[in-house]
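These notes concern the structure reproduced below.
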Amino acid sequence: MWRKGIVLSATFLICLSFVFSCKKKESPIGQNNIDQEQLLLSAGVDTFSLKTYNYFDDTVITDNAAFGLLGSCVDPVFGKYNAEIYTQFRLQGFNPDFGNINTIVVDSFVLALEYIGYYGKKGYQNFEVYELGESLHIDSTYYSFTTKAHLNNVNLVAPGKGTKYLDPDKITVIDNDTIDTQLRLQLSTSRAKSMLLDAMSGGTNFASNDNFLTYFKGLHIKTNNLQSSGEGGVFYFNLNDPASKLTIYYRQGGEKKTFNFLINSNCADFNHVDIDNSMTRVETVNNDTISGQTQFYAQAFGSRAVIEIPGLSSIPSTAIIHKAVLELPVAYQDGNVYSPGYDISAATRLNDGTTNLYSVNVNGVFDTYQKSFKIDLRAYVQSIVTKSVPNTGLIVAPLLYNTTSDRIIFNGPNTSNKNKPKISILYTEF
């Protein structure tokens with residue numbers, strides 16, 4: 001179901017413990033078969049100062065992501081978060097024949113989006129849907145800040161039908177059939193009727209998908225909410241599921257019929273995401289790398305956490321790294337709706353000062369008991385020791401960085417909490 005790779009990173013300041021084994025000067029034989037028990041009993045611990053902070057990434061690619069994100073919330077720590085969907089639709093069949101258009105009665109025009117999850121709180125939100133006046137293209141790159149012009153400023157949601165209770169666990173029933181849970185927005189039946197008329201006009205708008213995409217460029221789906229701190233949520237939708245579509249429900253001669261406009265992998269779509277960290281401590285740390293020693297932050301589509309570990313550069317170039325585990329405790333209480341997610345991913349910069357990230361091919365898994373992420377960095381530290389990767393800092397973020405609205409509050413080295421970030425390294429120098 002994944003259609004795009006995901007970009008992740010972080011910036012941190014952490015406690016670093018190095019445990020050294022005895023140097024074997026007599027003979028190199030057997031150096032690759034060092035007894036781990038002896039290594040763990042070796043003496044010598046050095047502690048290195050670390051630097052933790054975060055920065056805001058405003059160039060997140062969002063086209064054809066795994067999920068469509070929709071909804072808004074006011075996070076009590078991170079501030080306002082708003083997600084919108086832009087998407088194309090395709091025909092279920094070319095040159096449809098609706099017969100005598102004068103005998104057609106349009107009952108409803110429904111945009112259905114199948115739920116796949118959410119972040120935040122269930123509840124009521126106000127929806128707006130606009131027809132696009134600007135085309136989307138499957139081979140174009142779209143970012144979280146990208147917008148497209150509307151055909152006009154007319155909200156297509158039917159009057160009085162824009163407020164919906166968002167709940168992925170709620171049962172959806174259509175014509176007495178229970179189906180996978182959907183968000184179903186009722187749109188203007190007058191627009192549906194005009195589409196039927198245009199299809200029967202003798203033109204070529206419905207002769208191919210290319211023609212149709214010129215005629216009907218797609219929809220912009222958004223919310224318009226007034227929310228207080230702690231209210232709202234962002235909901236995830238599977239746009240590639242056959243149940244996610246735009247449907248005209250109509251009757252002809254008393255017989256119920258439907259015509260579908262489909263969303264599939266051939267459709268261009270992207271998420272537009274607005275994050276407002278104004279007047280929050282997240283913003284303070286984004287703007288000041290010194291302020292992240294107590295807490296630092298990571299948020300999908302927004303802040304990336306950074307951990308700088310200068311001490312890694314002082315490990316002897318002849319060292320063999322046997323173990324390197326980074327522990328990142330978080331500020332989180334069980335039951336809080338703003339969970340830290342289950343995984344994080346790490347990257348680094350191949351050149352200091354650049355925004356381009358290089359994956360270190362490791363993930364961190366959340367330990368629910370310890371309230372901490374743990375990352376195996378053995379290969380990464382060894383690469384720094386051999387100078388094949390520069391020690392520019394480790395960048396960490398939610399694993400589904402451009403697909404969810406996950407966020408994480410990390411404990412910094414100077415936190416008042418008991419658990420502090422640290423990296424434990426075990427190596428042998430030859």
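Report the calculated FRET efficiency for residue 214 and residue 416 (r = Cβ-Cβ distance, R0 = 41 Å), to the nearest 0.05.
0.10
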- Message: My understanding is that a pair violates if its Cα-Cα distance is over 29 Å; which of 122/217; 51/374; 51/80; 80/371 do that in this structure?
- Response: 122/217
- Message: At a 10 angstrom cut-off on C-beta neighbours, averaged per residue, how do the peptides 390-400, 190-200 rank from highest to lowest?
- Response: 390-400, 190-200
- Mind giving me the FRET efficiency for residue 147 and residue 317? R0 is 41 Å, r the Cβ-Cβ distance, nearest 0.05 is fine. 0.20
- Item | Rounded D (µm²/s) - the chain, Kirkwood Rh over Cα pairs, Stokes-Einstein at 37 °C, 0.692 mPa s | 136
- Note on the structure: Taking Cα atoms only, helix 189-199 is inclined relative to the longest principal axis of the chain by an angle, in degrees rounded to 10, of 80
- Query: Under a point spin-label approximation (7 Å from Cα along Cα-to-Cβ), what is the residue 134-residue 252 distance to one decimal in nm?
  - Reply: 3.7
- Any idea of the accessible area per residue across the stretch 207-261, 1.4 Å probe, to the nearest Å²? 41
- Message: Could you give the length gained by full extension between residue 179 and residue 107, i.e. 0.36 nm per residue of separation minus their alpha carbon distance, to one decimal place?
- Response: 23.9 nm
- Determine the shape class of the stretch 120-167: with a ≥ b ≥ c the square roots of the Cα gyration tensor eigenvalues, call it rounded for a/c under 1.5, and otherwise prolate if a/b is greater than b/c, oblate otherwise. oblate
- Query: What's the FRET efficiency of residue 363 with residue 229 using the Cβ-Cβ distance as r and R₀ = 35 Å, to the nearest 0.05?
  - Reply: 0.65
- So between residue 266 and residue 194, what do we pick up on full extension, going 0.36 nm a residue minus the alpha carbon distance? 23.4 nm
- Message: Using the Cα centre of the stretch 174-298 as the reference point, and only Cβ charges (+1 on K/R, -1 on D/E), how large is the resulting charge dipole? Debye, rounded to the nearest 20.
- Response: 560
- Note on the structure: In vacuo Debye sum over C-alpha of the stretch 143-201, base-10 log of normalised intensity I(q)/I(0) at q = 0.13, 0.18, 0.23 Å⁻¹, listed in q order, is -0.60, -0.95, -1.03
- Message: Suppose accessible area is computed on protein heavy atoms with a 1.4 Å probe; arrange 74, 173 from highest to lowest.
- Response: 173, 74
- So the carbon and sulfur contribution to the accessible area of the stretch 167-240, 1.4 Å probe, in percent, is 43
- Where the only charges are on Cβ atoms (+1 Lys, Arg; -1 Asp, Glu), what is the dipole of the stretch 59-167 about its Cα centre, to the nearest 20 debye? 340
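Work out, step by step, the length gained on full extension between residue 350 and residue 167: first 0.36 nm times the residue separation, then minus their alpha carbon distance; give nm to one decimal. Before the final figure, lay out each step's value.
Values: separation 183, 0.36 × 183 = 65.88 nm, distance 4.32 nm.
Net length gain for the segment: 61.6 nm.
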- Message: Distances longer than 24 Å among the Cα atoms of the stretch 207-346: what percent of all pairs is that?
- Response: 61
- Item | Calculated Rg and Dmax of the stretch 300-342 using C-alpha coordinates, Å | 16.2, 47
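The values are calculated or read from the model by the stated rules, or taken from the named source; none is laboratory data. What you see is a predicted model; the values in this text were computed from it and never measured. Because the Cβ atoms are built from the backbone with ideal geometry, glycine has one as well, and the counts that use them run over all protein chains shown. To get the accessible areas, we keep the full protein, side chains included, count just its heavy atoms, and leave off ligands, DNA and RNA. Shrake-Rupley method; radii C 1.70, N 1.55, O 1.52, S 1.80 Å.
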